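What follows is one structure encoded as structure tokens, with my remarks underneath.
The values are calculated or read from the model by the stated rules, or taken from the named source; none is laboratory data. A quick note: this is a predicted structure, and the numbers were derived from the prediction, not measured. Here the Cβ is made from the backbone with ideal geometry for all residues, glycine too, and neighbour counts use every protein chain on show. The area values use the complete protein model at the heavy-atom level, side chains included, leaving out ligands, DNA and RNA. Shrake-Rupley method; radii C 1.70, N 1.55, O 1.52, S 1.80 Å.
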Amino acid sequence: MAEDERTIDQLNEEADIAADYLEGLLDIADYDGDIEMGVRNNRPMVQIVADDDTDIKHLIGRNGEVVDALQQLTRLAVQQKTGERSHLIVDVDGFLKHKRQRLRDIALDAIDEVRETGEPVNLKPMNSFERKVVHDVVREEGLKSRSHGEEPRRYVTVYLRANAEDAADVDETEE
């Protein structure tokens with residue numbers, strides 16, 4: 001079943017499964033944390049909120065690596081229970097909101113550079129979440145973007161609409 005065909009009840013069920021899974025992990029790790037669930041942009045979302053900043057920092061990790069791992073594990077747990085691939089979002093103490101803002105700033109800087117020079121700008125490699133945020137900002141600003149390369153070195157090129165053909169010629173290994 002396609003993600004956009006899922007009902008709100010199915011999305012809430014995914015969030016419930018994810019919350020139960022994450023509560024179990026928090027218990028095993030002996031971390032105190034509250035779980036908040038919901039549906040945002042037709043995607044189930046679970047956020048871990050804790051009073052202890054030390055625990056939270058461990059759950060975020062360096063550059064969000066632990067959050068990413070928790071999300072992947074939780075998606076697998078949901079898929080095991082439902083039989084369907086999940087696009088669940090796991091956040092820890094608003095980390096993703098802050099990350100989105102940093103990515104938005106990076107995208108806007110690249111957009112400014114492209115507008116000033118007229119030349120395409122390659123960004124550093126990013127994961128799929130990061131690339132999606134950048135693509136959305138670029139589209140909102142009326143420019144074009146395209147992802148190149150292979151994971152984990154996949155990156156985004158930002159370019160003017162008039163240079164769409166030029167961007168197609170960008171070497172996918174160029175950074």
* Structure fact -> How many residues of segment 144-163 are within 24 Å of ASP68 (Cα to Cα) and assigned to a helix (DSSP H, G or I)? The answer is 0
* **Counted residues, segment 63-111 - those being of a type outside the set (A, V, I, L, M, F, W, C), assigned to a loop (DSSP other than H, G, I, E, B) and touching a helix residue (DSSP H, G or I) at 6+ places or on another chain (Cβ under 7 Å)** => 4
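Okay, residues lined up against (1) within 30 Å of VAL49 (Cβ to Cβ); (2) open to solvent by less than 40 Å² (accessible area, probe 1.4 Å):
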residue	(1), (2)
GLN101	yes, no
ASP105	yes, no
VAL121	no, yes
ARG131	yes, yes
* Can you tell me which residue within segment 114-156, out of those that are of a type in the set (S, T, N, Q) and without any contact (Cβ under 8 Å) to a residue 40 or more places away in the chain, is farthest from ARG100 (Cα to Cα)? => THR117
* So which residues in segment 19-38 are farther than 18 Å from ARG100 by Cβ, touching a strand residue (DSSP E or B) at 6+ places or on another chain (Cβ under 9 Å) and not in a helix (DSSP H, G or I), if there are any at all? -> TYR31, GLY33, ASP34, ILE35, MET37
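Residue-by-condition table, conditions (1) under 19 Å from ASN127 (Cβ atoms); (2) in contact (Cβ under 8 Å) with a residue 40 or more places away in the chain; (3) assigned by the TED database to the domain that holds GLU130:
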position: GLU14; (1), (2), (3): no, yes, no
position: ASP30; (1), (2), (3): no, no, no
position: GLY33; (1), (2), (3): no, no, no
position: ILE56; (1), (2), (3): no, no, no
position: ASN63; (1), (2), (3): yes, no, no
position: GLN71; (1), (2), (3): yes, no, no
position: LEU76; (1), (2), (3): yes, no, no
position: GLU84; (1), (2), (3): no, yes, no
* Asked: Just a yes or no: is a residue in segment 99-111 out of contact with any Asp or Glu (no Cβ under 9 Å at 6 or more places or on another chain), modelled with pLDDT of 95 or more, closer than 24 Å to ARG131 by Cα and of a type in the set (Asp, Glu)?
  -> yes
* Out of the residues in segment 39-54 that are assigned to a loop (DSSP other than H, G, I, E, B) and under 16 Å from LEU96 (Cβ atoms), state the one that is modelled with the highest pLDDT. => ASN41
* Asked: How many residues does segment 119-143 hold that are touching a Phe, Trp or Tyr at 6+ places or on another chain (Cβ under 9 Å) and either part of a loop (DSSP other than H, G, I, E, B) or more than 29 Å from GLN72 (Cα to Cα) (or both)?
  -> 8
* Structure fact -> Apart from one, (1) open to solvent by 70 Å² or more (accessible area, probe 1.4 Å); (2) among the hydroxyl-bearing types (Ser, Thr, Tyr); (3) within 18 Å of the chain's Cα centre (by Cα) all hold for THR54; the odd one out is (3)
